4 protein chains.
Amino acid sequence: MKLDIETHLTFTLDQPTDVLLQIEAAHIPEQEILSCSLDHSAGEHFARVPANDMIGERTWMRAKGEVSIDYRASVEPCRDLSPVPSLDPLPTHLLPGEVVPYLFDSRYCQADRFQAFVDAEFGDSQGGQRVEAIREWLTRKFAYVPGASGPHTTALDSFVERRGVCRDYAHVTIAMARASMIPARYVSLYGPDVDPQDFHAVAEVFLASDDGEGGEWQPVDATGMVEAAEMVKIGVGRDAADVSFLTSFGQLNLRDKTVSVTRG
Amino acid sequence: MKLDIETHLTFTLDQPTDVLLQIEAAHIPEQEILSCSLDHSAGEHFARVPANDMIGERTWMRAKGEVSIDYRASVEPCRDLSPVPSLDPLPTHLLPGEVVPYLFDSRYCQADRFQAFVDAEFGDSQGGQRVEAIREWLTRKFAYVPGASGPHTTALDSFVERRGVCRDYAHVTIAMARASMIPARYVSLYGPDVDPQDFHAVAEVFLASDDGEGGEWQPVDATGMVEAAEMVKIGVGRDAADVSFLTSFGQLNLRDKTVSVTRG
Amino acid sequence: MKLDIETHLTFTLDQPTDVLLQIEAAHIPEQEILSCSLDHSAGEHFARVPANDMIGERTWMRAKGEVSIDYRASVEPCRDLSPVPSLDPLPTHLLPGEVVPYLFDSRYCQADRFQAFVDAEFGDSQGGQRVEAIREWLTRKFAYVPGASGPHTTALDSFVERRGVCRDYAHVTIAMARASMIPARYVSLYGPDVDPQDFHAVAEVFLASDDGEGGEWQPVDATGMVEAAEMVKIGVGRDAADVSFLTSFGQLNLRDKTVSVTRG
Amino acid sequence: MKLDIETHLTFTLDQPTDVLLQIEAAHIPEQEILSCSLDHSAGEHFARVPANDMIGERTWMRAKGEVSIDYRASVEPCRDLSPVPSLDPLPTHLLPGEVVPYLFDSRYCQADRFQAFVDAEFGDSQGGQRVEAIREWLTRKFAYVPGASGPHTTALDSFVERRGVCRDYAHVTIAMARASMIPARYVSLYGPDVDPQDFHAVAEVFLASDDGEGGEWQPVDATGMVEAAEMVKIGVGRDAADVSFLTSFGQLNLRDKTVSVTRG
């Protein structure tokens, strides 16, 4: 399965401004980058730096005036997939150090607040079955409503309002997983069939490997839009605060954003 | 300057429970561990894992019943100190990848909300002078009031209520620094003269090195309790959610906690 | 059914301080005050003022030093009771002016946030049946846990944490009723069988009278502790912010509070 | 001074829907209604009900399809004006019963959170001078930025973000006045020079009358847009949650809203 990705951004900067981009498919073993190119209009400065957990890269740029970014890539996901409901939890005391922070609260995922809820609703399941119960609950209770949430909407807000976009589904999944002592992180990615076409986001949970050797991250898309086999990951973080596609350290006017992901 | 540290914890666990400890002085170049010991009562499982940014370690333990922890260490801080107000900002586009996440919002530090405030109050300063202005503002406006805040108090709560403990001073410093495009993190540490004696916390900000080569983390204690030269660091994180001294994944009753830090 | 009430408060005031008390059974047609007395130690000033909706009174006092309050009353509730589930909604456009404010959001009852939830969970019921569905949901999902909430806990907090005391049950009932376009208010009251003995609180909803003439307030106790026939009302308001038993405009140390309600 | 007011609203309702309007100048002694007319397209039901504190009226309507509302009035304000900074506080224990609720927290005005701030910033003033200090602080620190806030923005949000519209200026004034033990309410009104022309809102505070007989409500417009002598009041409430110009109990699409206030 090959996926062809085209992303185009245009924005203007009145002053020389630092901008951080994170839009490229990550070079990681689970997905093969067959080809890729990132073209952009001239600027003062460009630098790539590794992103969170060494998954993917961010690009710093300093520029002024109109900036155009064109990213094209062909990527073949090749990840081993385990059916999440069949996976055991990894006892917390066996979690590796780099996974531990994903047990804790973050800006938009106030996991501590969901303790009583997950105990009451999902108390008879654990590990992959717990995650599956959370996903199923979201599918049943939530409505996908573009525009119903904003950049400051938290998992708690979404939980009571029962609607949102991919970002919000991911946040609630993450908060409930962490409240269940299952490490969970936020993944920014490209996927086909995202409607309307845009950057997408899902949760990942850390569960015992099915070969019994340690643990592995498993993607969970409670929106049901993208299959794990067709995800092209960009980057990971605690929640959406960590993996914006575009962060500006000064006034930026976004003129155009188009994302296209097609099966090749 | 040698500092002698003694920490004692006693707690009980009704069920076999996973517990995460982070109470030991970190083995990092800026502080020499002259001696250290961590004694604890028997348990099922112990494992050390690296903590955030590879600074210090966390200890996983699984145990049941009464648990006693005794930690003793003699540590000699030997960090190079730069006067913070004299340091330049490091332009964001020159920030290394591992520092970038410290620009973003975290659970208790909603930096985005403080943008207008820092522009209005501190708009004529930048870099180390901005940090100094923030520290000075906190010293002037805040009251150190044990018990006035709790584990869910955010930087925004503290900002309006103008009081708190070391945790809250650090959170407000961090939120305002990030809102000023200065990376900032939370440091858990031991220090003499903390009154009442307890674990302490300060902010660290990332500013240009005074030799002009990249940047360095600089501690800022807006409570004024501990000098940078006498800090013994335990660990770092985005905010207090990342560096608890004790996290339990199940019911835990804390029976006793004593911390003693004396100049040797 | 006669109820004997004894309330005792002792507090100290370091400075001359204004204090507002609301602890007396209201003189309203639905409950007959057979006898009552309010004794208090000397003070500078006392004044009674009507409370919200002209239900009950508040007592202003200005005093210094130790203050003791003894309230005793025998009260016979004699309200007409309608089974809530059988009552129709009163169309909002027929609501009298003084009831309209109880449709709106208040400090602890963010009704607007519960719109999607009540539509999804209770969408097939209205009026008294909707209220009954809300009450039943709370009974099933919530745990009565003294100490789990505090004076700043909102209906939204309680909703996600699924536990609280009478105040929190009332707030969630009110928020969900208002989100269902049913006016709802907070009632402070005395009742037998409250465990532990204390002031109690319930929600009241405004539904069509069963004689078809306008509407009436109906009490709903989602904690299940007190029957409507045995409630002795003190006062009403938008939520707990409106009907504290004791509000001090300066430092007050509460030394003792005892409430006793027994069937006579 | 005569003010001519013209308000036009057009909206559509897909279903028969209850709508609550509050757009008419209140018939109160402090302003003389020289002429007024409220024209609207046909509907199923219309009823006027008294609004909060018996100031002004609300209109219930039930309608479907396109609805047009035209309101015209000529009003001559004739209120006695006292210079706010010269007024004494009325001791809380002398406050009349109907004013007491305006001491308490409401949906958007979390007065309890501002206690430490007002003590620290305005601690050396009281009564009218305190109110003047609050107004002056807002004038100095806040920026009037249409679009920077929304219907859920609270006084606490505005306080940290230091910007907003008339609604937000009023909320912060109210919260700080209540934290200063001065009753404060929200007033919806018409005024000339509001830019852009729209409904306006200010705070009112309850201070001792300058004749020494009880207290009176005094308007305070921290935006500086409208003089007290030119305000035409529509209604009052705890905060903006209480006095919307238009509340719909079902889906409503606002097509047009124009407000014109001119000196006659």
Selection from segment C:60-103 of residues that are open to solvent by 10 Å² or more (accessible area, probe 1.4 Å) and closer than 25 Å to residue C:255 by Cβ: C:62, C:64, C:65, C:66, C:68, C:70, C:72
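Listed here are the residues, each with its yes/no results for (1) modelled with pLDDT under 95; (2) farther than 17 Å from residue D:96 by Cβ; (3) out of contact with any Leu (no Cβ under 6 Å at 6 or more places or on another chain).
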position	(1), (2), (3)
C:8	no, yes, yes
C:20	no, no, yes
C:48	yes, no, yes
C:72	no, yes, yes
C:75	no, yes, no
Test: residue A:44 is of a type in the set (Asp, Glu) and surrounded by 20 or more Cβ atoms within 10 Å (Cβ to Cβ): no
In segment B:48-60, the residues that are facing chain A (nearest Cβ under 7 Å), touching a residue at least 24 places away in the same chain (Cβ under 8 Å) and part of a strand (DSSP E or B): B:58, B:60
Test: residue in segment D:198-208 that is open to solvent by 20 Å² or more (accessible area, probe 1.4 Å) and either out of contact with any Phe, Trp or Tyr (no Cβ under 8 Å at 6 or more places or on another chain) or in a strand (DSSP E or B) (or both): yes
Test: residue D:113 is buried (at least 21 other Cβ atoms within 10 Å of the Cβ), under 22 Å from residue C:248 (Cβ atoms) and of a type in the set (D, E, K, R): no
Residue in segment D:161-168 that is away from chain B (no Cβ under 13 Å) and either charged (D, E, K, R) or open to solvent by less than 10 Å² (accessible area, probe 1.4 Å) (or both) present: yes
Filter result for the condition that a residue is over 20 Å from residue B:138 (Cα atoms) and either within 14 Å of another protein chain (Cβ to nearest Cβ) or not in a loop (DSSP other than H, G, I, E, B) (or both), over B:235, B:212: B:235
Output for segment B:85-95, where each listed residue is facing another protein chain (nearest Cβ under 9 Å) and either polar (S, T, N, Q) or in a helix (DSSP H, G or I) (or both): B:92, B:93, B:94
Selection count where residues are within 24 Å of residue D:241 (Cα to Cα), part of a loop (DSSP other than H, G, I, E, B) and not charged (D, E, K, R), scope segment D:101-126: 3
Residues located in segment D:80-90, provided they are at pLDDT below 95 and in contact with a strand residue (DSSP E or B) (Cβ under 7 Å, 6 or more places away or on another chain): D:82
Residue check, residue D:39 among the charged types (D, E, K, R), surrounded by 14 or more Cβ atoms within 10 Å (Cβ to Cβ) and in a strand (DSSP E or B): no
The listed residue being outside any strand (DSSP E or B), within 19 Å of residue B:6 (Cα to Cα), within 14 Å of chain A (Cβ to nearest Cβ) and touching a residue at least 60 places away in the same chain (Cβ under 8 Å), out of B:244, B:188: B:244
Condition met for residue D:125 (surrounded by fewer than 19 Cβ atoms within 10 Å (Cβ to Cβ), within 22 Å of residue D:221 (Cα to Cα) and at pLDDT 95 or above): yes
Residue check, residue B:138 away from chain A (no Cβ under 14 Å), open to solvent by 10 Å² or more (accessible area, probe 1.4 Å) and of a type outside the set (Ser, Thr, Tyr): no
Residue within segment D:247-258 that is open to solvent by less than 40 Å² (accessible area, probe 1.4 Å), of a type in the set (Lys, Arg) and away from every other protein chain (no Cβ under 14 Å) present: no
Residues within segment C:111-129 that are in contact with a helix residue (DSSP H, G or I) (Cβ under 6 Å, 6 or more places away or on another chain), farther than 14 Å from residue A:159 by Cα and either facing chain A (nearest Cβ under 9 Å) or polar (S, T, N, Q) (or both), tallied: 2
Restricting segment A:141-156 to residues that are within 21 Å of residue B:106 (Cα to Cα) and open to solvent by 40 Å² or more (accessible area, probe 1.4 Å), the residue that is farthest from the chain's Cα centre (by Cα): A:152
Residue count, segment B:66-84 (criterion: without any contact (Cβ under 8 Å) to a residue 60 or more places away in the chain and part of a strand (DSSP E or B)): 1
Condition met for residue D:118 (more than 23 Å from residue C:113 (Cα to Cα), hydrophobic (A, V, I, L, M, F, W, C) and within 19 Å of the chain's Cα centre (by Cα)): no
Filtered residue count, segment D:1-36, keeping only those that are among the charged types (D, E, K, R), over 23 Å from the mean Cα position of the chain (by Cα) and open to solvent by 40 Å² or more (accessible area, probe 1.4 Å): 1
Complete set of residues in segment A:210-241 that are touching a residue at least 60 places away in the same chain (Cβ under 8 Å) and surrounded by fewer than 16 Cβ atoms within 10 Å (Cβ to Cβ): A:210, A:214, A:224, A:229
Residue D:98, sole failed condition from (1) in a loop (DSSP other than H, G, I, E, B); (2) more than 26 Å from residue C:240 (Cα to Cα): (2)
Unique match (being touching a helix residue (DSSP H, G or I) at 6+ places or on another chain (Cβ under 7 Å) and touching a residue at least 12 places away in the same chain (Cβ under 8 Å)) among D:45, D:40, D:8, D:27: D:45
In segment D:96-110, the residues that are closer than 24 Å to residue C:48 by Cβ, of a type in the set (Phe, Trp, Tyr) and more than 8 Å from every other protein chain (Cβ to nearest Cβ): D:102
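The values are calculated or read from the model by the stated rules, or taken from the named source; none is laboratory data. The model shown is predicted, which means the values in this text are computed figures rather than measured ones. Note that each Cβ is placed from the backbone with ideal geometry, even for glycine, and that neighbours are counted across all protein chains shown. For the accessible areas, the whole protein counts, side chains as well, though only heavy atoms, and no ligand, DNA or RNA atoms are used. Shrake-Rupley method; radii C 1.70, N 1.55, O 1.52, S 1.80 Å.
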